[in-house]
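Participant: One structure, pasted below without further comment.
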Amino acid sequence: MNSQNSGIAGLRPSQTKSIKLCGPDRIQVLRPKILKVDSLPAERLPLGKQGDYKPCIARLPSGELLVVAFDSLKKVHGRLQEDMLLWRSTDGGRAWSERQVLGLLGREPYFSVMRDRTLFITTHLLEQDIRNKDDYLSCYLHRSADEGRTWQTLKIDWRDVPGASPKAEVGTSRNLLELEDGSLVWGVCATGGLDYLWRSSDRGFTWDKSLRCEFTGIDKAKLWWGLLAETVFWQARSKDLLALIRADQKVLHPIPGTRIPDTKSDHFERLVVGRSKNRGLDWALEELGSYYGEMYPSILRLRDGRLLLTFTVRSAVEPQQPPLGVHAVLGIEEEDGFRFAFEHDRFVLDAKTPIGQASGGGFGPTVQLDDGTLVTSYSYAGPGEWGTDFHCEVVRWRLSEDAEDDAVSMV
């Protein structure tokens, strides 16, 4: 991956002052170049009720679609009870089952689907949740061999991270990555810059927890959490391990040509690419090409061979920054990684969060159906009080014929 050609900082605020958003039945295309159109048709389907937040979509090998999210509003005896939610669709996302409350612990659930149909959900459980019997944050890995109908659960806390202080906060990568040889890798970390790459050779039943990860160019004294928390892993054709890492903007060097936003809010963190050439032991950081406040990434390999990066614009660095919400850009896969075109053909998949709200939603993974239709999940903040007025939807959409015919001159 040539980080110098990645479209260095995405859309700058000065490039977006004249954006006029289209209606909800369309998807805005910012700075069209390959597509040659400034909007695409969209079909939006609401899910759940007010307070449901951060949906993650997955497509099972059977073709069935699943969406998992959590209820951010429920309280019991003055404490949180963030129930996990599930919906199913057997018709490509046009119709969805009733809102099902799962008996699984954790917030911000995120799917990983393996080639043998094994399904995983990663989560973390806040100290404030009434079902947390400890007085510290812990993480959970839920595993299903029957497409999400029954589950086995593994709890992870500070005792699973060598060197962690008692009751230290732990975190995990969003996804589990299935390597070419069929083994699984998963990131587990703790406060203080303690990052480990867990490995499994038996489909996630047991884990080798011994591999400590080292990152060059990072001052660990500035880290308030592990680098592998919320990471999304990918394996390049060259067998390099890649990690889309959400990191505190103050820990990293500035994006070329910019100044680091002077804020303590984690909504302004940014993405970088970690690369390991020795199976996860040592990592070097590279630019992705995105901007401050952009996070929650996912990568989809499209049927025509290109890549689609879906991500959330969580907060605006300036008022003229592109609309908050879930966006996507196209890219190409290379021998050693990928390149994404942030400077043109940016899809604004969700622009429902009103101007003036402090933050957008998430997560925004995208899946593709056999007929080429794309389905993206997202949540947005309504006009009410931030933190209470959340809503979940999915959007069905397609790339234009111009884009589908041009799979080479992407970036």
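Just so it is clear, none of the values below were taken in a lab; they were calculated from the coordinates. These numbers come from a predicted model, not from an experiment. We place every Cβ from the backbone using ideal geometry, glycine too, and count neighbours over all the protein chains shown.
Participant: Tell me which residues come under 5 Å, amide H to amide H, from ASP248 once H is placed; ignore anything under 5 positions away on its chain.
Facilitator: none
Participant: Under a crude label model (7 Å from the Cα following the beta-carbon direction), how far is VAL76 from ASP266 in nanometres?
Facilitator: The two pseudo-label positions are separated by 2.5 nm.
Participant: Which of rounded, prolate, oblate describes the stretch 3-405, given a ≥ b ≥ c as roots of the alpha-carbon gyration tensor eigenvalues and a/c under 1.5 marking rounded, otherwise prolate only if a/b is larger than b/c?
Facilitator: Rounded.
Participant: Report the charge-dipole magnitude of the stretch 3-405 in Debye, nearest 20, computed about the Cα centre from +1 at each Lys and Arg Cβ and -1 at each Asp and Glu Cβ.
Facilitator: It comes to approximately 460 debye.
Participant: Can you work out ³J(HN,Hα) from phi for every residue in the stretch 183-192, in order, using Karplus 6.51 cos²θ - 1.76 cosθ + 1.60 and θ = phi - 60°, giving whole Hz and x for Gly and Pro?
Facilitator: Those phi angles translate into 6, 10, 10, 8, x, 10, 8, 8, 3, x Hz.
Participant: Given H placed 1.01 Å from N in the peptide plane, which residues other than close sequence neighbours of GLY361 have an amide H under 5 Å from its amide H?
Facilitator: Those lying under 5 Å, H to H, from GLY361 are GLY325, ALA381.
Participant: For the pair ARG131/THR373, report the inter-label distance in nm, with labels modelled 7 Å from Cα in the Cβ direction.
Facilitator: 3.2 nm
Participant: Could you work out how far apart the two model spin labels at VAL101 and ARG301 are, taking each label as a point 7 Å from the Cα in the direction of the beta carbon, and quote it in nm?
Facilitator: 4.0 nm
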